[in-house]
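Let me begin by presenting the structure, written as C-alpha cells, before commenting on it.
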Amino acid sequence: MVKSKKLWGGRFAGRTVGSVETFTASIDVDSRLYRHDIEGSIAHARMLARRRIISSREAQKIVRGLRAIQREIERGKFPFSPADEDIHMNIERRLTQKIGAVGGKLHTARSRNDQVALDMRLYLREELKRILATLEGLRRELARGAKRYLDVIMPGYTHLQKAQPVLFSHHLLAYVDMLDRDRERMSGCLERVNVLPLGSGALAGTTFPIDRAYVARLLDFPRISKNSIDAVSDRDFVLEFLSASSILFVHLSRFAEEMILWSSEEFSFIELPDRFCTGSSMMPQKKNPDVPELIRAKSGRVFGHLQALLTVMKGLPLAYNRDLQEDKVPLFDTVDTVKASLGMMREMVEQIKVRKDRMLAAAQGGFMNATDLADYLVGRGLSFRSAHALVGRVVRFCLDHHRMIEELSLNELKRFSPKIDKDVYAYLTAEAMVRRRRAVGGTALANVRRRLKELRV
Ligand code: ARG
C-alpha cells in the first residue's frame, strides 16, 4: 500500500496517477485568486480565534504565515505544485511547511467549497469595480467626442440605407445610453456578487460556533448567504457577469463595426490614427483597422464563455460538483477581455479624426428630405398619408429624371401640389431637418446640448 501524500489523502490507499493529477489540477488557472484566498483565510482565522475555536496565538501565527506566503507569491518565490491541485491547497500546504502543525487548524469549520465560492466573489467584486470605472471612462470619452463634434451632420441609416440626417453627436450619444444600461447591469451584478458564502462548509453548514457576521464585517460584505446548499453550488453571479459582458460586447462590436465602415474609402467619415491600424505584408497601400476588428471579434469569445458556463451549470445536481471548477477560465478571460477592449475603445474614441465635409456631403443626397417634404405638406393641411403618397410620386419623378427633390424648380414642384412654396428649399436642407427634430430624444442640436449638460461634459 502506498501512502498518499495529499491533504485529503487519509482514506486513500492508492496514489493519484500523474495524468489524473494534471487533468484535475487547476492551479495554473486559479493561482490568480491567491490574494483573495489569503484575505479570506485571514478573516476566517481571526473569527476562529474570536470564537475561541483556536487560540489567539495560533491565529496570529496563521495570519503571519499567510502574509509571508503572499510575499513569496508576489516575489515569484512560491513553489506552486500541481500535486496540490488548486490555489487553496497550495497555500495550505505551504502554511504548514512554514509554521508547522498549527497550520492544519486553519481549515477548521471550512471547506474548499465555501472557500472557492468566497474567493470567486472577492475577485469578481474587485474586478467589477474596476470595470465599472473603465466603462464610465469610455462613456465620458464618447460624451466628450459628442461635444467636440457637436454640430456635425451625418446621414442616419436604417437597413444601412440613407434615411434621415442626424447629428454625429447624437449618434455617439446613442452609445452613451447603451453603455449606461451596461453600467446598470454591471452594478446590479455587483450587488448580488457582494454576499458572503463562507461558513456554509461543504454544503450543510458547520458544527462549530462560528460568527459569520464578524467575517462579513472583516471582508466588507453587506449580506450573508442564507442557505448553505445554495451558497456552495451557486454560480449565478458569474453567469450574470458573463451575460452583462455579452450584452456590453454587442454594443462594443456594433461601434467597432461602424468605425470599420466609416474608415473605409467608400465612407471616409473618420480617420483612425495609425497606431490603431496595421499594414499588409503584400499590399503596400493598406491601412487596416485591426483594433476595432479585434474588438468586434472578441465578442465571439465572450458569448462563447457565457454559453460554456450555462452548459456546465445546466442540470447539475445540488450541491457542489467538480464541474464548477470550469467556471474559472470563462470568468477570468471575460474579465481580461472586457477590461482590455473598453480601454482600447476609449483610446480610439479619444483619437479618431472626424471628416465633417464628407459626412455633410453624404447627408445631402439619397432623398433623405422626402419625409420632411411630407411633413411640410402636412403643415399646409394635407393628411400625412396623402402627403406620403404625393411625395412618393415626387421621388419617382426624380428617379426617372436623375434629379434630387431640392433641384426641382418651384413650377415643377407646384405641379405635384400648389401648396408648395419657395420656402420649401430652406425647409429641406439637412440643417433645417435636424433643427426641427426637437421632440424629446430627437436629434435637434438643442436636445443634444441639453443631454450633454445632463451628462456634465
Ligand atoms: N478547485 C476547486 C474549484 O475550483 C475547489 C473546490 C474543490 N472542492 C472539492 N470538493 N473538490 O471548484
Worksheet entry | Restricting the range 30-68 to residues that are among the hydroxyl-bearing types (Ser, Thr, Tyr) and closer than 15 Å to Leu118 by Cβ, the residue that is surrounded by the fewest Cβ atoms within 10 Å (Cβ to Cβ) | Tyr34
Worksheet item: Assuming Ile91 fulfils every condition listed in (1) part of a helix (DSSP H, G or I); (2) surrounded by fewer than 21 Cβ atoms within 10 Å (Cβ to Cβ); (3) in contact (Cβ under 8 Å) with a residue 40 or more places away in the chain; (4) among the β-branched types (Val, Ile, Thr) apart from one, which condition is it?
Response: (2)
Worksheet, complete the sentence: When Gly205 is run through (1) of a type outside the set (Val, Ile, Thr); (2) assigned to a helix (DSSP H, G or I); (3) at positive phi, the failure sits at (2)
Discussion item. Can you tell me how many residues within the range 279-295 are surrounded by 14 or more Cβ atoms within 10 Å (Cβ to Cβ) and polar (S, T, N, Q)?
Written reply: 1
Worksheet item: Any chance the range 97-107 includes a residue that's within 16 Å of the ligand (Cβ to nearest atom) and either hydroxyl-bearing (Ser, Thr, Tyr) or crowded, with 16+ Cβ neighbours inside 10 Å (or both)?
Response: yes
Discussion item. One residue is enough: does the range 324-340 have a residue meeting the conditions touching a residue at least 60 places away in the same chain (Cβ under 8 Å), over 26 Å from Phe269 (Cβ atoms) and aromatic (Phe, Trp, Tyr)?
Written reply: yes
Item to complete: Would you mention how many residues in the range 154-202 are in a strand (DSSP E or B) and either of a type in the set (Val, Ile, Thr) or closer than 30 Å to Trp8 by Cα (or both)?
Response: 4
Worksheet item: Do we find a residue being over 19 Å from Glu347 (Cα atoms) and free of Cβ contacts under 8 Å to residues at least 24 places away in the same chain anywhere in the range 138-157?
Response: yes
Worksheet item: Do you know which residues across the range 17-54 are part of a loop (DSSP other than H, G, I, E, B) and either within 16 Å of the ligand (Cβ to nearest atom) or touching a Leu at 6+ places or on another chain (Cβ under 6 Å) (or both)?
Response: Ala25, Ser26, Ile54
Response to the item:
Just one listed residue, out of Arg110, Arg71, is surrounded by fewer than 18 Cβ atoms within 10 Å (Cβ to Cβ) and either closer than 24 Å to Arg125 by Cα or more than 16 Å from the ligand (Cβ to nearest atom) (or both), and it is Arg71
Worksheet item: Does Gly156 satisfy the condition of being at pLDDT 95 or above, of a type outside the set (A, V, I, L, M, F, W, C) and closer than 30 Å to Arg436 by Cβ?
Response: yes
Worksheet item: Does Ala231 satisfy the criteria of being over 30 Å from Arg358 (Cβ atoms), without any contact (Cβ under 8 Å) to a residue 60 or more places away in the chain and outside any loop (DSSP other than H, G, I, E, B)?
Response: no
Worksheet entry | Flag if Arg121 is modelled with pLDDT of 95 or more and within 16 Å of the ligand (Cβ to nearest atom) | yes
Response to the item:
Apart from one, (1) within 23 Å of Leu324 (Cα to Cα); (2) surrounded by fewer than 17 Cβ atoms within 10 Å (Cβ to Cβ) all hold for Ala244; the odd one out is (2)
Practice prompt. Go through the range 164-217 and give me each residue that's of a type in the set (A, V, I, L, M), over 27 Å from the mean Cα position of the chain (by Cα) and over 30 Å from Val354 (Cβ atoms).
Written response: Leu198, Ala202, Leu203, Ala204, Ile210, Ala213, Val215, Ala216
Worksheet entry | Matching residues in the range 102-137 - criterion: being farther than 19 Å from Gln351 by Cβ, of a type in the set (Gly, Ala, Ser) and touching a residue at least 60 places away in the same chain (Cβ under 8 Å) | Ala109, Ser111, Ala117
Discussion item. Going by what's in this entry, would Asn321 be described as within 16 Å of the ligand (Cβ to nearest atom), more than 13 Å from the chain's Cα centre (by Cα) and surrounded by fewer than 21 Cβ atoms within 10 Å (Cβ to Cβ)?
Written reply: yes
Worksheet item: Among the listed residues Lys298, Lys226, Lys328, Lys314, which satisfies the condition of being within 16 Å of the ligand (Cβ to nearest atom), modelled with pLDDT of 95 or more and among the basic types (Lys, Arg)?
Response: Lys328
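The values are calculated or read from the model by the stated rules, or taken from the named source; none is laboratory data. The shown structure was predicted, so the numbers you read here are calculated from the model rather than taken from an experiment. Ideal geometry is used to build each Cβ from the backbone, glycine not excepted, and the neighbour counts take in all protein chains shown.
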